[in-house]
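One structure is given here, and the rest of the page talks about it.
FYI, it's all coordinate maths here, none of it is from the lab. Please read all numbers here as calculations on a predicted model, not as lab measurements. Using ideal geometry, Cβ is built from the backbone for each residue, glycine included, and neighbour counts are taken over all protein chains shown.
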Amino acid sequence: MRNGFVWAVLSAALTIVPFTEFFIPSISTPEHRIRGWGYHGYTVSLFVLYGLLLVDTFRAMKKLIGSRRLELQVWLMGGCAMTTLILVLMALNAVTHDRRLVRLQPLVVLLFYAGTVIAITTNRIFNARQVIIVCAEKAVLVLVSAAVAYALNIGLAPLLPSPLDFLATTALTLWFASSLNGWLNQAFQFYPQATSARQAAFAAAGKEAQIDKLELAFLSILKGWGQTDHALVLSGSEGAYQGGGVEVPADSSVAELMKQIRWATPERLARERPTPARIVLGKLLADYSLGVLVHSEGPTLSALVGVGVAASRRPFTYPQVLQLLELAAIIENALERAHLSAKAQHAEQLATVGLLGASLAHEIRNPLVSIKTFVQLLPDHYQDQAFRDKFFRLISDEVTRIDRLTEQLLDLASPRVYSAKMIELHTVLRESIDLVASKAAGKNVELRSHFQATADAAHTDPAAVKQVLLNLCFNAIQAVETQFGEKWVQIETRNTQNGIELSVSDSGPGISSAIWPRLFQPFQSTKSSGFGLGLAICKDILTNLNATISVDQPAPGRGATFRVTFPCRP
């Protein structure tokens, strides 16, 4: 109150002066304007006081940091811009004698104070430079577009009838304004970091499908965007938000508060009325040195995305919060898709194991019967050395065989992250064919194999090869089991320019021309059972391993042929 007393007295005095005879005497008329000494004193006093206010503000700004410094800059720049605009309106009024220009002055003041008060009291922080850039960009856009519209209206009026003239002018002006807006965004460099971060996030979402790799890519993007050395991405559907060794329970006060307010900064929490939930949230921001935390919610997954305090120690402004909310939506969408893909892959693996389980039952039972028979005969032939040697050898071989079968089943059933390495492709293919052979024999389907590739070294994941081959073989067996005549499934390999090609062909009815273009999309199936996810998952697995899968075009009287190409080198 003491610091503002002088300003209050001077402001009150200047408020009274315009209503006195010293300002505009009562004898003044529009034709013969008379301005008293109060008018000139009022004008000079305004300039002097605004100058003092400017100096005083700059002094105060040196002592402030963070959000208070930014807010003072906005008030200072905005106040100066408002005053300048009012003086321009006064000058135009003096030249044009248009009273409407005078009536605009209170509106300018009202808009400025309303805008700044709303911005600050709603916990939003603005950067003065950003505000000036936005205002300058929009002013140029409006003025130039209006000038173009005026010129088009004059030029097209003699050439076109009235309705067409209006429509053509509007259409051309809108097209010009859209093009100009894009050019101005580049010229003013309006949020260049936001644009590059958005493009990088979309690129990462399209390139990566594994959750851990996605999170690493997004963390790198967030660090670059926020100019900080750390960031946080927590995601979850039920139970808790997790990521980077941090866990926030989904039913905690922090999670519930973030769902309500959507974003939080230390500056926002410092202004709002403290509540237990806000205090805990503030502690979370402080513990992990976060300058901003946002929440994004999707249909099946939600995400908390945080960015550390910037190296400049400047607080995050509201436009930056909006940018981060947009990035968080991209991140949440990509992680949600990755989680669903992982669940679908696991479900497909379990379905494959289920198909194998029944067909391999007798494969496991046969060695068990052999072991049981030898055990029953052992008491009578225990003294026979040859019998004992054969018994011990058989026990070892059959147990090893059972162990290998169960190990392969467990390997297929377990959820995994596929990683490529150099393997002998033919060895993996033979193991996979052993798994599916009993299934084919049970359906009276001949299983043929022709390995023509002279060099079978491939850079891929052996478990992925098994998953893909079993899926293709099971599909082929189901396609030919109801056919009459010859039933066969053929597996071949050959060397190509791009790597090693694995082909799986069958003698079935082939693929319908209608479904062929969409065959590798989810939920495309011609079978009465299943969800049509198998081929889509195979394509995702192979894409992540830099391999490709395709299917030959349908032809009458020919079955389906799928071709998988594995790279020979990393």
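Some observations on this one:
- Reach of Lys283 by Cα under 20 Å, taken over aspartates and glutamates that are not fewer than 8 positions away in the same chain: Asp229, Glu247, Asp251, Glu256, Glu267, Glu272
- Helix 128-156 and the longest principal axis of the Cα set of the chain meet at an angle near 80°.
- Computed label-point distance, nm, for sites Phe47 and Glu272 using a 7 Å Cα→Cβ extension: 4.8
- Under the convention that each Lys and Arg Cβ holds +1 and each Asp and Glu Cβ holds -1, the size of the dipole of region 193-333 around its Cα centre is about 580 debye.
- Computed [θ] at 222 nm, helices only, for the chain once each DSSP H run of length n ≥ 4 contributes -39500 (n - 2.57): -21000 deg cm²/dmol
- For Tyr241, residues with placed amide H under 5 Å, excluding near neighbours: Val248, Ala250
- Ranking Ala479, Leu216, Gly41 by how far each Cα lies toward the positive end of the dipole of the chain (charges on Cβ) leaves Gly41 at the top.
- Modelled label positions at Leu72 and Gln376, each set 7 Å beyond Cα in the direction of Cβ, lie 9.7 nm from each other.
- Here's how it looks for Ile500: its modeled amide H is under 5 Å from those of Phe566, Cys568, which are all 5 or more places away or on a different chain.
- Proxy reagent accessibility, fewest Cβ within 10 Å first, across Met77, Met82: Met77, Met82
- Angle of helix 462-480 to the longest C-alpha principal axis of the chain, folded into 0 to 90 degrees and rounded to 10: 70°.
- With 0.36 nm allotted per residue and the present C-alpha distance subtracted, the Leu340-Ile133 stretch has 70.3 nm of extension available.
- Cβ crowding within 10 Å ranks Ser178, Ser432 as Ser178, Ser432, fewest other Cβ atoms first.
- Efficiency of FRET from Cβ geometry, Ser196 and Ala286, R₀ 41 Å, rounded to 0.05: 0.90
- For the chain: relative contact order, % (alpha-carbon pairs under 8 angstrom, 6 or more apart): 8
- Applying a DSSP loop filter and a limit of 16 other Cβ atoms within 10 Å to the trypsin sites (Lys or Arg not before Pro) in region 38-95 leaves Lys63.
- The chain - Debye-derived log10 I(q)/I(0), Cα point model, q = 0.06, 0.10 Å⁻¹: -0.58, -1.03
- Residues with amide H under 5 Å from that of Leu160, placed H, sequence gap 5 or more: none
- Anisotropy class of region 14-187 from Cα gyration tensor, a/c 1.5 cut: oblate
- Note on Asn153 and Ser237: the extension gain reaches 24.6 nm, defined as 0.36 nm multiplied by sequence separation minus the Cα-Cα distance.
- Distance distribution note for region 175-244: the fraction of Cα pairs above 13 angstrom is 72%.
- Available extension along the chain between Val108 and Ala441 is 111.2 nm, counting 0.36 nm per residue and deducting the alpha carbon span.
- Distance violations [Cα-Cα > 20 Å] among Lys466/Lys539; Lys343/Lys443; Lys466/Lys487; Lys343/Lys539: Lys343/Lys443; Lys466/Lys487
- About the centre of its Cα atoms, region 418-570 shows a dipole size close to 220 debye [charges on the beta carbon of Lys, Arg (+1) and Asp, Glu (-1) only; nearest 20 debye].
- Cα gyration tensor, region 221-275 - rounded (a/c under 1.5), prolate or oblate: oblate
- Ordered by the count of other Cβ atoms within 10 Å of each Cβ, fewest first, Val55, Val321 give Val55, Val321.
- Region 162-258: GluC sites (Glu not before Pro) in DSSP coil with no more than 10 other Cβ atoms inside 10 Å: Glu238
- Estimated FRET transfer efficiency (Thr400, Trp516; beta-carbon r; R0 56 Å; 0.05): 0.80
- Comparing Ala168, Ala94, Ala81 along the charge dipole axis of the chain, the residue lying farthest to the positive side is Ala94, per the Cβ-charge model.
- Normalised per residue, the volume of the convex hull around the Cα set of region 418-570 (Å³): 109
- Rounded to 10°, Cα long-axis angle of helix 99-121 versus longest principal axis of the chain: 40
- Derived scalar couplings ³J(HN,Hα) [region 286-302; Karplus, 6.51 cos²θ - 1.76 cosθ + 1.60; whole Hz; x for Gly, Pro]: 5, 4, 9, 6, 8, x, 7, 9, 10, 10, 10, 10, x, x, 10, 8, 10
- About the Cα centre, charge dipole magnitude for the chain (Lys/Arg +1, Asp/Glu -1 at Cβ), debye: 2060
- Positive minus negative residues near Ala311 (Lys, Arg vs Asp, Glu; Cβ under 13 Å): +2
- Dimensionless Rg over Rh [region 193-333; C-alpha; Kirkwood]: 0.94
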